[in-house]
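The values are calculated or read from the model by the stated rules, or taken from the named source; none is laboratory data. Not measured: the values here are computed from a predicted model. Counting neighbours? That spans all protein chains shown, and the Cβs are built from the backbone with ideal geometry, glycine included. Each accessible area value is taken on the protein alone, full model and side chains, heavy atoms only, with ligands, DNA and RNA left out. Shrake-Rupley method; radii C 1.70, N 1.55, O 1.52, S 1.80 Å.
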Amino acid sequence: TSKVREITTADGQLEKAGTAQAVTVVLEDEIDLSRGDVLVHPDHRPTLARTSDAHLIWMGEAPLLPGKRYEFKIGSRYVKGLIDSIQHRIDVNDLSTRETEALDLNGLARVRIALEEPVAIDDYKLSRQTGSFIIVDLLHFGTVGAGMVIAPAQATRSTDIVWQPTRVTAQIRANQ
């Protein structure tokens, strides 16, 4: 935690800044902030999560296949990740659901996303900025999907899971 010492622009210092303003925020403490970082009041902290359930529309010519790496843009932050699973496809005509292993162009589905690092992510009902995302193909850098977070996955503790140290990092796991 820290406090804002000053807000500066090319035209000088400001007392306050708003949406869509290009500003430099100087904190009282030496904390490195960059594009995509989120500044919040201590009483309104967002959820930091690597996994989340979401509703997704697929806009790519090639079908969405779980396990393929993409880049996710959440707010102004880019983070690599993948679609871990397609929970079900949604029929737009009657909103019925059915199981599927892939999602074609203009397909709607409920999915589980898995990111390589934790990001500020909230239910779309709570925040449009941290509750929505786009998916960018890493090969041709085109937007191939868009989604709305249903709920960040909550970490649960289980007594039958034992941690074993390993050399496999989150990035290696995502590449696999």
What number of residues in region 51-87 are modelled with pLDDT under 90 and either more than 14 Å from V136 (Cα to Cα) or surrounded by fewer than 16 Cβ atoms within 10 Å (Cβ to Cβ) (or both)? 2
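Do the conditions hold for S34, that is, is it closer than 20 Å to T130 by Cα and assigned to a loop (DSSP other than H, G, I, E, B)? Let's see the steps before the verdict.
Values: closer than 20 Å to T130 by Cα: yes; assigned to a loop (DSSP other than H, G, I, E, B): yes.
Taking the combined requirement at face value, the residue satisfies it.
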Answer yes or no: is there a residue in region 33-43 that is hydrophobic (A, V, I, L, M, F, W, C), without any contact (Cβ under 8 Å) to a residue 12 or more places away in the chain, surrounded by fewer than 17 Cβ atoms within 10 Å (Cβ to Cβ) and on the phi > 0 side of the Ramachandran plot. no
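If you take the residues in region 95-115 that are β-branched (V, I, T) and surrounded by 17 or more Cβ atoms within 10 Å (Cβ to Cβ), which one is farthest from the chain's Cα centre (by Cα)? Steps first, answer last, please.
Restricting attention to region 95-115, the residues satisfying the condition of being β-branched (V, I, T) are 97, 100, 111, 113.
Pick out the ones that are also surrounded by 17 or more Cβ atoms within 10 Å (Cβ to Cβ) and you get 111, 113.
Numbers: V111: 13, I113: 8 Å.
So, considering only residues that are β-branched (V, I, T) and surrounded by 17 or more Cβ atoms within 10 Å (Cβ to Cβ), the one farthest from the chain's Cα centre (by Cα) is V111.
Quick check: anything in region 1-19 among the basic types (K, R), crowded, with 16+ Cβ neighbours inside 10 Å and not in a loop (DSSP other than H, G, I, E, B)? It would help to see each step written out before you state the result.
Step one: of region 1-19, the residues among the basic types (K, R) are 3, 5, 16.
Next, from what is left, pick out any that are crowded, with 16+ Cβ neighbours inside 10 Å: none.
Looking through region 1-19, none of the residues is among the basic types (K, R), crowded, with 16+ Cβ neighbours inside 10 Å and not in a loop (DSSP other than H, G, I, E, B).
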Is there any pair linking a residue in region 2-16 that is in contact (Cβ under 8 Å) with a residue 24 or more places away in the chain and under 19 Å from L33 (Cα atoms) to one that is open to solvent by 100 Å² or more (accessible area, probe 1.4 Å) and in a loop (DSSP other than H, G, I, E, B), with Cβ under 7 Å and at least six apart or on different chains, and which? S2/E28; K3/E28
What pairs can you find where one residue is in region 89-107 and farther than 19 Å from A146 by Cβ and assigned to a strand (DSSP E or B), the other is open to solvent by less than 90 Å² (accessible area, probe 1.4 Å) and basic (K, R), and their Cβ atoms are less than 8 Å apart, with a gap of 6+ or different chains? T97/R89; T97/R110; R98/R89
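Only residues that are in a loop (DSSP other than H, G, I, E, B) and in contact (Cβ under 8 Å) with a residue 12 or more places away in the chain: list them for region 44-60, please.
To start, the set of residues in region 44-60 that are in a loop (DSSP other than H, G, I, E, B) comprises 45-47, 59-60.
Result: P46, T47, M59, G60.
Among the residues of region 131-145, count how many are open to solvent by less than 50 Å² (accessible area, probe 1.4 Å), farther than 22 Å from A170 by Cα and either part of a loop (DSSP other than H, G, I, E, B) or among the hydroxyl-bearing types (S, T, Y) (or both).
In the first step, residues of region 131-145 are kept if they are open to solvent by less than 50 Å² (accessible area, probe 1.4 Å); the result is 131-133, 135-137, 142, 144-145.
Filter again for farther than 22 Å from A170 by Cα, leaving 131-132, 142, 144-145.
From the residues that got through so far, the ones that are either part of a loop (DSSP other than H, G, I, E, B) or among the hydroxyl-bearing types (S, T, Y) (or both) too are 131-132, 142.
Residues flagged as open to solvent by less than 50 Å² (accessible area, probe 1.4 Å), farther than 22 Å from A170 by Cα and either part of a loop (DSSP other than H, G, I, E, B) or among the hydroxyl-bearing types (S, T, Y) (or both) within region 131-145 amount to 3.
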